[in-house]
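The values are calculated or read from the model by the stated rules, or taken from the named source; none is laboratory data. Every value quoted in this text rests on a predicted model; they were computed, and no experiment measured them. Cβ atoms come from the backbone with ideal geometry, glycine included; neighbour counts cover every protein chain shown. Remember, those area values only see protein heavy atoms, side chains included, never the ligands or the DNA or RNA. Shrake-Rupley method; radii C 1.70, N 1.55, O 1.52, S 1.80 Å.
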Amino acid sequence: MNAALLTEEQNEALQEIANIGMGRAGRSIAGVFDEFVELSVPRVREARLDSLTEAVAGLIPEETLTAVRQGFFGRVRGEVIVVFGMNGCRDLAGLMGYGDSLVAADEDELLLDVANVIVSACLGGIAEQLSTELSVSAPSVLASHVPPAGLFGATREAPDGSGALIVEVNFRLERHSFACSLLMMLPADGVGAIRQALDDFLASF
Amino acid sequence: MDRNESCLSATDRMIDMMDVGVFAVDRELHVRSWNAFMVAHAGKGRREVLGRSIFEVFPELPRSWLQKKFDRVFALGAPSFTSWEQRPWLFRLPHNRPITGGVDCMQQDTRLVPLKNGDGEVALVLVCVFDVTDAAMLQRRLAETVTALEAERAEQQKLIARLAEAQEQLVQSEKLAAIGQLAAGVAHEINNPVGFVMSNFRSLEQYLDGAFALVEAFDRHIDLLPDAARTAIEKLKSDMDYEFVADDARSLVAESRDGLERVKRIVADLRDFSRVGETDWQWASVHGCLDSTLNVVMNEIKYKAQVVKDYGELPQIECMPFQLNQVFLNLLVNAAQAIEGQGSITLRTRAEAEQVVIQIADTGCGMPPDVLRRIFDPFFTTKPVGKGTGLGLSVTHSIIGRHHGSIAVDSTPGQGTTFTLRLPVRQAAAQSTADREVQAA
Ligand SMILES: Nc1ncnc2c1ncn2[C@@H]1O[C@H](COP(=O)(O)OP(=O)(O)OP(=O)(O)O)[C@@H](O)[C@H]1O
Ligand SMILES: [Mg+2]
């Protein structure tokens, strides 16, 4: 990407907002799951849309992944992608009220439910810091049981050079092998709104 | 209709009339509002459901799962969703196609939306039920069509492969037919002159015998001649080396007749080859096939290779002899062509249980693995243009296949190549197994 999407100051502000917001999100998720959640320090970065596969490579060191996407809108618009490794996800069935014998359709629905919880909590945390409200659309499966390189196989080709601002957080449930990564993506062409929101956030001190 | 309908505010009336199912539940999941869509589709009026638990209103709901889902909406203050793709319906509601049918009940997407009070606490959860029956049916029909198309494509691919195979066989049988016609023509053309040359030679032999007998009769009375005449005749005789000529003339004629006999035999073998197209099953001797084929190709082989026969005791086998000739011809010509300078070709035969095993081994150039892998492919040849068509082994392979036999090859570059053929003694047994395989496929 040619020019950075955010100034250094805005970047720091977003990092700060993400830190606090995710901390709050972690607590509400823990409340829902009734379990302690480990959260990585959020990472703010920029990526080109045509190289998303590389951008998410290595987030989850597993051979088969499922990804769920969910749109959000309000003062800022964007999309969140949650990437699940398939190893520990069945551990969550009990927590989410599913029976023990999950069939394939149930497994997708379980991951949609889990993604929805995580996405709602994280967006809620960030929206609170920005003193605004963010709404989410219904989650849908982006790719189910694919190798890491196939996560974005079903998406349209991104226009050349278009990019996104990415806030990335990794989750882990302490007592389970479950792990997932959340990528909150703000498209570069709508970055004016987030800049304004960050400037307002900075001005409020 | 409920009596308090008239007291509804304008907004309430809008929600009421929306073509979406909307109802609200409190923390205990008791119904607090119920719009007209729900009245119409659930078939339950407001008085009937208000204040009652949704698990009473819809006893078939998956209780513990849905309870947890609502709990999360209350706890997180964020909406939750279900989609028809994973869960075709959450509430059992009748669909709108009682006549045209196609689904068991209304396909739906649902949203559980938190409604917060003044303190920011979630007081109610609004349940929205979207009827997506038409879209879902369309989508499923599309998915079925795609599956059907994919199956059809796979079937077509198989047909194309079979077509290619059939075409290959056609090419091969055309080649066989061409060889057959050529051989038939040549055999016919040669047969006539050879026939009269042979009968002429028989006459010639008799005439010569007569002529020599005549000369001998004269010889016995040579003393009766005057000296001068006798000396002249004796000089003539010794100049032409009469004793030798008389002897040689007889053996020349005998040898020529021998040669003609051989020409006749080769022509007969060639005629056999002209019947390669014949696909009659016969009981025949493998050694007979090998020998008559050797006769046909001996000319190509004899200057390069010594032919060693190591024949075992073989039963007759049920086969198409003219096609087996073709197989042996291909293998023998290949073996001879593989030999540069001098070498040998060994023909080994053995009987084994219900099979005969035929090995044709040469001391030729051998083949590297990348050639070996492709030798049975039609048109694969390493020979210069005009010399090889690359069809020999492909034809061989399909003939052996038709005999329910097998062909294996073992080759070492620089040392030589051995082809091993296995043919069943009788076809009935081999065939019925093959037929069963075809039926199973
Ligand atoms: N005995 C052998 N020793 C070495 N190479 C062989 C032998 N037999 C077959 N090959 C290799 O296999 C190739 C294919 O043989 P094939 O008989 O099918 O075709 P061809 O002999 O090249 O042509 P033609 O159609 O005239 O028989 C040959 O070109 C040769 O490279
Ligand atoms: Mg050949």
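Among (1) outside any loop (DSSP other than H, G, I, E, B); (2) at pLDDT 90 or above, there is one condition B:Gly312 misses while meeting the rest; what is its number?
It fails just one condition, (1).
Do you know which residues across region A:159-178 are over 17 Å from A:Val44 (Cα atoms), open to solvent by 20 Å² or more (accessible area, probe 1.4 Å) and part of a strand (DSSP E or B)?
Hit for region A:159-178 is A:Arg172, nothing else.
Would you check which residues across region B:298-315 are aromatic (Phe, Trp, Tyr) and within 12 Å of ligand 2 (Cβ to nearest atom) and list them?
none
Can you tell which of B:Arg265, B:Arg348 is within 16 Å of ligand 1 (Cβ to nearest atom) and of a type outside the set (A, V, I, L, M, F, W, C)? Before the answer, list the steps.
Values: B:Arg265 fails: within 16 Å of ligand 1 (Cβ to nearest atom).
The unique qualifying residue is B:Arg348.
Has region B:10-21 got any residue that is touching a His at 6+ places or on another chain (Cβ under 8 Å) and either assigned by TED's automatic domain parsing to the domain that holds B:Val125 or not in a helix (DSSP H, G or I) (or both)?
Checking region B:10-21: at least one residue is touching a His at 6+ places or on another chain (Cβ under 8 Å) and either assigned by TED's automatic domain parsing to the domain that holds B:Val125 or not in a helix (DSSP H, G or I) (or both).
Being in contact (Cβ under 8 Å) with a residue 60 or more places away in the chain and away from ligand 2 (no atom under 14 Å from the Cβ) narrows it down to one residue among B:Thr389, B:Thr396, B:Thr412, B:Thr420; which is it?
B:Thr420
When region B:339-367 is examined, which residues are found to be open to solvent by 20 Å² or more (accessible area, probe 1.4 Å) and not in a strand (DSSP E or B)?
B:Glu340, B:Gly341, B:Gln342, B:Ala353, B:Glu354, B:Thr363, B:Cys365, B:Met367
In region B:316-338, what count of residues is obtained for those that are within 15 Å of ligand 2 (Cβ to nearest atom) and either assigned to a loop (DSSP other than H, G, I, E, B) or open to solvent by less than 10 Å² (accessible area, probe 1.4 Å) (or both)?
8
Looking at region B:242-252, is at least one residue surrounded by 12 or more Cβ atoms within 10 Å (Cβ to Cβ), in a helix (DSSP H, G or I) and within 16 Å of ligand 2 (Cβ to nearest atom)?
no
For B:Ala40, indicate whether it is open to solvent by 50 Å² or more (accessible area, probe 1.4 Å), more than 60 Å from the chain's Cα centre (by Cα) and within 14 Å of chain A (Cβ to nearest Cβ).
Considered against the rule, which asks whether it is open to solvent by 50 Å² or more (accessible area, probe 1.4 Å), more than 60 Å from the chain's Cα centre (by Cα) and within 14 Å of chain A (Cβ to nearest Cβ), B:Ala40 comes out as no.
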